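Quick notes on the structure that follows.
The values are calculated or read from the model by the stated rules, or taken from the named source; none is laboratory data. Predicted model, so just to flag it, every value in this text is computed and none were measured. Reconstructed Cβ throughout: ideal geometry from the backbone, glycine too, with neighbour counts over all protein chains shown. Just so you know, the surface numbers come from the protein's heavy atoms only, side chains and all, with ligands and any DNA or RNA stripped out. Shrake-Rupley method; radii C 1.70, N 1.55, O 1.52, S 1.80 Å.
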Amino acid sequence: DTAVSQTPKYLVTQMGNDKSIKCEQNLGHDTMYWYKQDSKKFLKIMFSYNNKELIINETVPNRFSPKSPDKAHLNLHINSLELGDSAVYFCASSFTGQSYEQYFGPGTRLTVT
Amino acid sequence: EDQVTQSPEALRLQEGESSSLNCSYTVSGLRGLFWYRQDPGKGPEFLFTLYSAGEEKEKERLKATLTKKESFLHITAPKPEDSATYLCAVQARGYGQNFVFGPGTRLSVLP
């Protein structure tokens, strides 16, 4: 049974389009994250949601908006896609408490043409 | 600003040849240091969390250690299936402190 799942796995779209990536976790975690991994494989945090509240918002363009309908889901909506948005996006989840290790989803490879 | 560097960038070992990967960090009060393994086309897989200097954790052929400025991931008698990118990350104390990842070490173990 998949712990952290993302859909779609691949997303190819044109510049200017709007797209969403969905994430779901069944680990009972109370915090979820979105990361971007660029072509150099650097993993950078974009957002974090704790019990449906945004607690981290790194300096990402406001074209990116996270939406969390409940603590098991954290979706990422991207408006007006640009070439530089091409990357692999990972969702992750964790507990907030003594142990903060994160569990990652399989990733969504976004290609903007 | 919290920073994480890792060395070497890439490492090729023969099967059975033990070695160590380095993670150097600068953080304003460490909450935890994390090691992950990432296989191509997959998400990072959690390996260890270390909280304070002197702490050690082991799992199969891997052993992670922590000092006040760096962490080492020791790989003893590696096998080809240990080939992966190993990522180090730190989290600072304080509410909402984000995770900062290093660039990773790409390990190849040749049979």
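When only Cα pairs under 8 Å and 6 or more residues apart are kept, what is the percent relative contact order across segment B:3-94? List each step's numbers first, then the result.
On the way: 189 pairs, mean separation 34.2, N = 92.
With pairs under 8 Å counted, the relative contact order is 37 percent.
Put a dot 7 Å past the Cα of residue A:17, heading toward its Cβ, do the same for residue A:96, and the two dots end up 3.5 nm apart. If R0 is taken as 22 Å, the Cβ-Cβ distance between residue A:5 and residue A:109 corresponds to a FRET efficiency of 0.90. For residue A:52, the lysines whose Cα falls under 28 Å of its own Cα, not counting residues fewer than eight places away in the same chain, are A:9, A:19, A:22, A:36, A:44, A:67, A:71, B:42. Fully extending the segment from residue A:65 to residue A:42 would add 6.2 nm, taking 0.36 nm per residue of separation and subtracting the current Cα-Cα distance. Each Cα pair under 8 Å and six or more residues apart adds its separation to the average, and for chain A the resulting relative contact order is 37 percent. Of B:93, B:12, A:63, the order by accessible heavy-atom surface (1.4 Å probe, DNA, RNA and ligands excluded), from most exposed downward, is B:12, B:93, A:63. Of the GluC sites (Glu not before Pro) found in segment A:1-60, those in coil by DSSP whose Cβ has at most 14 other Cβ atoms within 10 Å are A:58. If you look at the Cα atoms of segment B:3-94, you get an Rg and a Dmax of 13.0, 42 Å.
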